[in-house]
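For reference, the structure discussed in these notes is given below.
What follows draws every value from the coordinates through simple rules; no lab data is involved. Everything quoted here is computed from the prediction, not taken from an experiment. As a convention, Cβ positions derive from the backbone with ideal geometry for all residues, glycine included, and neighbour counts pool all protein chains shown.
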């Protein structure tokens, strides 16, 4: 990473590897004009701890906010205006003078509403124990609804058009009631929702691609990804995926400028919610119980497994490669945190999960079936974690994390660069 | 990935929004500041309200209030309440693209901050201006404040697309309880605004010039010290005719301004406006109804007369239909 380059940070697993703490470190290392969110929505949970003990779980504000770095929510975000309010309040209690002044939202960003959320929860309830591990925030529902009814979709810019906004909220409310017989809760009155959305729109700045271009022109920005590549809507283990592009694709759609591509990995592979986790080990789950990842009512349990080099190699491959790896949780390693370099599936040793053609969900379902039948071949815990991870994934480890704060990070200068 | 740690309840968000806008308003004045904030300094500047892609039908709305001691708690209440104005206008659809400017008026003969003028803004940034206004608490004690200086600034140092591109006048609301000085003083204009005037301008002439580009209203809060003093009311009626509003509950200031604009723009009639208030749970209906009864009659008359009268009414001589008793010559 040169000082002048934009950096994009994505997770090469199932999320929770520590994108927030890496973004915070990047914002501490140099002046950053903006942190840009380019996927997902308010279901993100990026935890940052400062050296003076302040702590915040970033959902929509960028993880550089505690350092005063502005946030740009791009058109690929699904924005949840209501969740912004509570998050801004908490940031204010942590000493951020005016969180709203640090926020700009692309007017084309889709808006998640309580009606989408209730639809999402009603669907998960109907699935019973076949749940997909959804967060219950309605992000996927918002995307799906916008595809099914483009004219009825609410975009952030619409929050400034009171009459049209009211109409669209009523339309969603009608659709929700017509579609689901059993709702987990009563939806709020659309007119009330419109009033609050309008008040929020009056506080948050809106922008567009030219706003983003201006920020990118001012200096090196940080693109903060949400979730993980192994949850990608087209590349994850279908159907245990998210309605979001978690690779670098959206970053490249937002800018032609060169971007340094960082992947974040943790020394254990974790998964929050349902879906394949080949290296899962209940003893690790018990030992490494994560204070930030409780069992969610919609998402399900937080599970821990050994470092799954097979799955992470696949993630690097479908992401189109990475320029560097940030490896976190080196303080949590021990003899019990082992590494998986290969699976055994139907009696055959496998080191590579082969990516399929673009947007081929049948192929993805085949990979899911493979993962569900596979058993991990576990090797002993590595001595030199950064060296072994770099070798397994074919990319240099550029940053290691040994604790929650920016001070606990070590920048490694990769040999030969 | 997480699972939504931040409340997504509509009513929780509403309560939080109210709390945050209510408490952050006084930051600059309470810090002990006694000079005009750079962003509000009227010297050598022009304030612009411009159309853009996002706000193609901008409408300039300025609210200037007296910040001197004779108004007692009024300025502080206004600082608390006015952040609700934009939301109200948008929510109710009274105006498509409001651009709001806040400012404050003191006394140029004795105050340290006689004139503070924010920017026209289409989002919450005007609330930041509101927070930067210094509350004087002084005033001259002669029942006069430098309103005429504010009129001069608004007439000659604002540029508004609603008028310049579309011939629609903007809105200026003056909130106070005192009289303007009889003429615009050349020395004050030089030191506070930076223009060279050869001679003073009569306040009546200044107002006439201003009213070609703005609908001007004066709101007298009845809780302030000179409230009910007929000299103040009469003088303003002489200048503004029916556009003088007595308001007995300052908490309803945003609703009063919003409905005044809504009535005048023909977006609503008074009955519909009061119904709107009741619908959002406001208890200000009775107060606002009393305050706006005169304005409503004027708006109906104006709509009946049509576009021609809109220009004609801008002249000072046509605007004094309510000021026929106890006239004070300025």
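Ordering A:113-122, A:158-167, B:196-205 by mean Cβ neighbour count within 10 Å, with the highest value first, yields A:113-122, A:158-167, B:196-205. Label chain A by shape, choosing from rounded, prolate and oblate, from the square roots a ≥ b ≥ c of the eigenvalues of the Cα gyration tensor; if a/c is under 1.5 it is rounded, and otherwise prolate applies when a/b is larger than b/c, oblate when it is not. Oblate, since a/c reaches 1.5 and b/c is not below a/b. Round to a whole angstrom and tell me the spacing of the C-alpha centers of the stretch A:179-218 and the stretch A:24-102. Computed from Cα coordinates, the inter-centre distance equals 17 Å.
What's the angle, to the nearest 10 degrees (0 to 90), between helix A:139-148's Cα axis and the longest principal axis of chain A? Between the helix axis and the principal axis of chain A, the angle is about 60 degrees. Counting every other Cβ atom within 10 Å of each residue's Cβ, B:132, A:30 order from fewest to most as A:30, B:132.
Packing around the peptides A:392-404, A:54-66, taken as the average count of other Cβ atoms within 10 Å per residue, puts them in this order, highest first: A:54-66, A:392-404.
Per-residue mean of foreign Cβ neighbours for A:186-192 is 2 (Cβ atoms of other chains, 10 Å radius). For the stretch A:345-417, averaging the sequence separation of C-alpha pairs within contact (under 8 Å, six or more residues apart) and dividing by the residue count gives a relative contact order of 18 percent.
Find how many whole Å separate the alpha carbon centroid of the stretch A:238-254 from the alpha carbon centroid of the stretch B:107-135. Each part reduced to its Cα centre gives a spacing of 46 Å. Listed from fewest to most Cβ neighbours within 10 Å, the set A:52, B:238 follows the order A:52, B:238.
Computed over the stretch B:106-195, relative contact order equals 30 percent, with contacts defined as Cα pairs under 8 Å that lie 6+ residues apart. The mean number of Cβ atoms from other chains found within 10 Å of a Cβ in peptide B:88-101 is 4, as a whole number.
Taking every alpha-carbon pair under 8 Å whose residues sit at least 6 apart, chain A reaches a relative contact order of 21 percent. I'd like the distance separating the alpha-carbon centroids of the stretch B:248-273 and the stretch A:361-417, in whole Å. Between the Cα centres of the stretch B:248-273 and the stretch A:361-417 lies a distance of 63 Å. In plain terms, the chain from residue B:278 to residue B:248 could stretch by 9.0 nm, reckoned as 0.36 nm per residue minus the Cα-Cα distance. Take the Cβ atoms of residue B:35 and residue A:93, set R0 to 25 Å, and the FRET efficiency comes out at 0.20. Relative to the longest principal axis of the C-alpha atoms of chain A, give the angle of the C-alpha long axis of helix A:114-127, reported between 0 and 90° and rounded to the nearest 10°. Its long axis makes an angle of about 50 degrees.
Think of it as helices only: each DSSP H run of n ≥ 4 in chain A is worth -39500 (n - 2.57), and spread over all residues that comes to -10000 deg cm²/dmol at 222 nm. For A:175, A:262, A:25, the sequence from fewest to most other C-beta atoms within 10 Å is A:175, A:25, A:262.
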